[in-house]
C-alpha cells in the first residue's frame, strides 16, 4: 500500500489534512476513519492501513484542525489532560460537517462509483453514529462510541446500516449506556450491536489480538453486506 497526506476543502479558502492509505488491490470502496481524542496517531494510521490491506481506500481526516492542526498525543498523564481539553473544545456538529466534506470530496474523485463508509473509535465512534444519522454515507461502524446515549433522538433518523462494538469492561461506554442505545435502535433492523464481554475501552487498537481479529472480521462482514445491499 501507499500512504500520503491529502488536503480536504473546508470552504472559504481553508483546508484540513487527512492521512490516506491506498490499497495495493482496490475494491472500489472508501472508508473514512474517525479519530480518538488523541488526534491522527500511529494507532489511527494503523487502523487506516488495516482497512487498506482489505482493499479499501482509507482516509483519516484531522478533525482537531480547528484546535491544533496535526496534534498527536500519547497516553501520558499530561497528554491525557490535553486530550480531554481538546474534547471539551471540540464541536461535534462541525466535526460531522468535516466528515461530510471528506465524503463529498471522495465521491467527486474521477470515475468513483463505490460506497463510502465511516468507522470511528471513542470520540470517532460517536461521530460515526452521528454521521449515519446526518450524512450521505453508505454504512457506519462505531467502536466504543462515547456519549452516543446523549444523542438518542438521532436514532430515529439513521440513514444507513450501523454496526456498534462495545467492551463489557468499558467505563467510558458502560453497560447502562449500551442498554439505552440498544433500546433506542431495537426497531431498526439495519442496526447491530456486539459486546465483547472481557474487552475494555480502546480494544480495537490496543486490546487482545483475538478480540481485535474478532471485531475486524465482524466489521468486514458487515461492510461487505452493505456493499451488496445498495
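No lab work stands behind these numbers, since they all come straight from the coordinates. Not measured: the values here are computed from a predicted model. Counting neighbours? That spans all protein chains shown, and the Cβs are built from the backbone with ideal geometry, glycine included.
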inquiry  = For the range 73-88, which positions are over 21 Å from residue 10 (Cα atoms), touching a residue at least 24 places away in the same chain (Cβ under 8 Å) and out of contact with any helix residue (DSSP H, G or I) (no Cβ under 6 Å at 6 or more places or on another chain)?
reply    = 74, 75, 79, 83, 84
Hey, residue 40 in contact with a helix residue (DSSP H, G or I) (Cβ under 6 Å, 6 or more places away or on another chain) and either free of Cβ contacts under 8 Å to residues at least 60 places away in the same chain or on the phi < 0 side of the Ramachandran plot (or both) or not = no
query = Within the range 58-80, is there a residue that is under 22 Å from residue 130 (Cα atoms), under 18 Å from the mean Cα position of the chain (by Cα) and in a helix (DSSP H, G or I)?
reply = no
task = State whether the residues of the range 176-196 include one that is surrounded by 14 or more Cβ atoms within 10 Å (Cβ to Cβ), in a loop (DSSP other than H, G, I, E, B) and free of Cβ contacts under 8 Å to residues at least 12 places away in the same chain.
result = no
query = If you go through the range 1-53, how many residues are in contact with a strand residue (DSSP E or B) (Cβ under 9 Å, 6 or more places away or on another chain), part of a loop (DSSP other than H, G, I, E, B) and under 24 Å from residue 88 (Cα atoms)?
reply = 4
task = Answer with yes or no whether residue 168 is more than 21 Å from residue 96 (Cα to Cα) and exposed (fewer than 15 other Cβ atoms within 10 Å of the Cβ).
result = yes
request  = Kindly indicate which of 173, 140, 132, 217 is buried (at least 19 other Cβ atoms within 10 Å of the Cβ) and closer than 19 Å to residue 44 by Cα.
outcome  = 140
request  = Filter the range 91-117 down to the residues that are farther than 14 Å from residue 8 by Cβ, touching a residue at least 40 places away in the same chain (Cβ under 8 Å) and within 18 Å of the chain's Cα centre (by Cα), then identify the one that is surrounded by the fewest Cβ atoms within 10 Å (Cβ to Cβ).
outcome  = 115
task = Would you mind telling me which numbered condition in (1) under 23 Å from residue 152 (Cβ atoms); (2) out of contact with any helix residue (DSSP H, G or I) (no Cβ under 6 Å at 6 or more places or on another chain) residue 191 fails?
result = (2)
